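Note sheet for the following structure.
The values are calculated or read from the model by the stated rules, or taken from the named source; none is laboratory data. The model shown is predicted, which means the values in this text are computed figures rather than measured ones. Here the Cβ is made from the backbone with ideal geometry for all residues, glycine too, and neighbour counts use every protein chain on show. In case anyone asks, the SASA skips ligands and DNA or RNA and just uses the protein heavy atoms, side chains included. Shrake-Rupley method; radii C 1.70, N 1.55, O 1.52, S 1.80 Å.
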Amino acid sequence: MSYKIAFFDIDGTLVNEEKVIPQDTIDAIAEMKEKGIEPVIATGRAPYFLQDLLEIVGIESYVCLNGALAVYKGEVIYRNPISPTTLAKLVEQSTAHGHALCFEGESQYYTDQDEHEYMLESVNSLKVALPKVNANFWKEEPIYQMFLHTLAEDEHLYTELEDSVTFIRWHEKALDVLPIGGSKAKGIEAMLNQLGLSKEEAIAFGDNLNDKEMLEYVGFGVAMGNSHPDVIPYADFVTTHVDEKGIRNGLIKAGILNK
């Protein structure tokens, strides 16, 4: 298969635990671009957490917020916000249980509890700016994703909302909350349709639970050597660790780069 586009997760895929992009990854993507393969970010992160990384690796397009927003060379081509009715229900329940929320819009994000221990620990692990407080932000702009700051043992408190949203754990003390049925694969599908490409012409790299759908969807899915064990069955190939030329070795396996 002649691949034409490659989608890359960020945390644990393009960047390591220290949130640093290995130089061999930067070089591998540059070589891939020289061969005419377009690189695209596919991440759970919001657009305002991407700009520095996009400049470092020379990538112009992205599927972000776990597929709820897709941008191709500066143009938004897909939006899938969470319904206001669902937002209201989740706010009501999280407030009752004392769990903090972060509301992620298209250009900014806010929290309803800026001193909440779980929020501080999980968001700080991303090494991004902490959110300011605006408990009503969800009423003011479309919300594409939320962080629900709770432990796994308390997830059962929100089971009645599972018909309205998708929950994916990304930290011991935080869940992503997505539109029902939302995934990176949905945003990737929208971008491929925009570009007139088939899914068989795409490859993807990922390592965590929110990468399962996209690895299964594309023509060639690559799981990093440091992947969550539950991700492995969805991939066509398991490459090496992010710090052990994982991206380069995956591109070699796909036939895009030479050894």
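Over the range 1-41, what number does the Rg to Rh ratio reach, with both radii from the alpha-carbon atoms and Rh per Kirkwood? Kindly include the intermediate steps, with their values, before the conclusion.
Details: Rg = 11.0 Å, Rh = 10.8 Å.
So for the range 1-41, dividing Rg by the Kirkwood Rh gives 1.01.
In nanometres, what is the gap between the two model label sites at V76 and S107, each 7 Å from Cα along Cα-to-Cβ?
If labels sit at V76 and S107, their model points lie 0.9 nm apart.
Can you return the aspartates and glutamates within cross-link range of K132? Criterion is Cα-Cα under 12 Å, with same-chain partners fewer than 8 residues away left out.
Hits, sequence-local ones excluded: E104, D112, D114, E115.
Where both residues lie in the range 1-112, what percent of DSSP beta bridges are antiparallel, nearest 5?
Roughly 55 percent of the DSSP beta bridges within the range 1-112 come out antiparallel.
Restricting the count to DSSP beta bridges whose residues both fall in the range 102-150, what percent are antiparallel, rounded to a multiple of 5?
75
Taking only the alpha-carbon atoms of the range 1-110, what semi-axes of the equivalent ellipsoid follow from 5 times the gyration tensor eigenvalues under a square root, in whole Å, largest first?
Largest first, the range 1-110 gives 32, 16, 11 Å.
Report the local net charge at E18: Lys and Arg +1, Asp and Glu -1, summed over other residues whose C-beta lies under 13 Å from its C-beta.
Overall, the nearby charge balance is -1.
Quote to one decimal, in nm, the extra length available between V20 and E160 on full extension: 0.36 nm per residue of separation minus the C-alpha distance between them.
On the way: separation 140, 0.36 × 140 = 50.40 nm, distance 3.87 nm.
In short, 46.5 nm is gained.
Starting from the residue with the highest accessible area, list K245, K173, K139 in decreasing order, probe 1.4 Å. Walk me through the numbers before you get to the answer.
Details: K245 105, K173 30, K139 135 Å².
Descending accessible area places them as K139, K245, K173.
Using the Cα gyration tensor of the range 76-130, with a ≥ b ≥ c the square roots of its eigenvalues, what is the shape: rounded (a/c below 1.5), prolate (a/b larger than b/c) or oblate (neither)?
Oblate is the answer for the range 76-130, as a/c is 1.5 or above yet b/c matches or exceeds a/b.
Kirkwood hydrodynamic radius for the range 110-259: how many Å is it when counted over pairs of different Cα atoms?
So the Kirkwood estimate lands at 17.4 Å.
With both bridge residues required to lie in the chain, what share of the DSSP beta bridges run antiparallel, to the nearest 5%?
Of all bridge pairs located within the chain, approximately 55 percent are antiparallel.
Calculate the length of the line joining the C-alpha centroid of the range 207-259 to that of the range 74-151, in whole Å.
So the separation of the two Cα centres works out to 29 Å.
Tell me whether the range 196-259 comes out rounded, prolate or oblate; compute the Cα gyration tensor, take square roots of the eigenvalues as a ≥ b ≥ c, and use a/c under 1.5 as the rounded threshold.
Oblate.
Ignoring everything but the protein chains, give the 1.4 Å probe accessible area of L126 in square angstrom, nearest 10.
For L126, solvent-accessible area is about 20 Å².
In the neighborhood of M214, defined by Cβ-to-Cβ distances under 13 Å, what is the net charge if each Lys or Arg adds +1 and each Asp or Glu adds -1? Can you show the working numbers first?
On the way: positive: K184, K186, K199, K212; negative: D9, E189, D207, D211, E213, E216, D236.
Result for the local shell: -3.
Could you list the square roots of 5 times each eigenvalue of the Cα gyration tensor of the range 164-232, that is, the equivalent ellipsoid semi-axes, sorted largest first and rounded to whole Å?
Each semi-axis is √(5λ); the values are 22, 17, 7 Å.
Any idea what the relative contact order of the range 105-259 is, in percent, if you count C-alpha pairs under 8 Å spaced at least 6 apart?
13
If you stretched the chain out fully between A88 and H171, how much longer would it get, using 0.36 nm times the residue separation minus the C-alpha to C-alpha distance?
27.5 nm
Let me know the number of lysine pairs in the range 1-129 closer than 17 Å at the Cα, not counting same-chain pairs under 8 apart.
Working: K4/K33; K4/K35; K4/K73; K19/K127; K33/K73.
For the range 1-129, qualifying lysine pairs total 5.
Could you check the simple spin-label distance between D243 and A129, using points 7 Å along Cα→Cβ, in nm with one decimal?
The modelled label-to-label distance comes out at 3.0 nm.
Taking a label point 7 Å from the Cα of E216 along the Cα→Cβ vector, which residues of the range 138-170 have an amide N closer than 20 Å to it?
162-170
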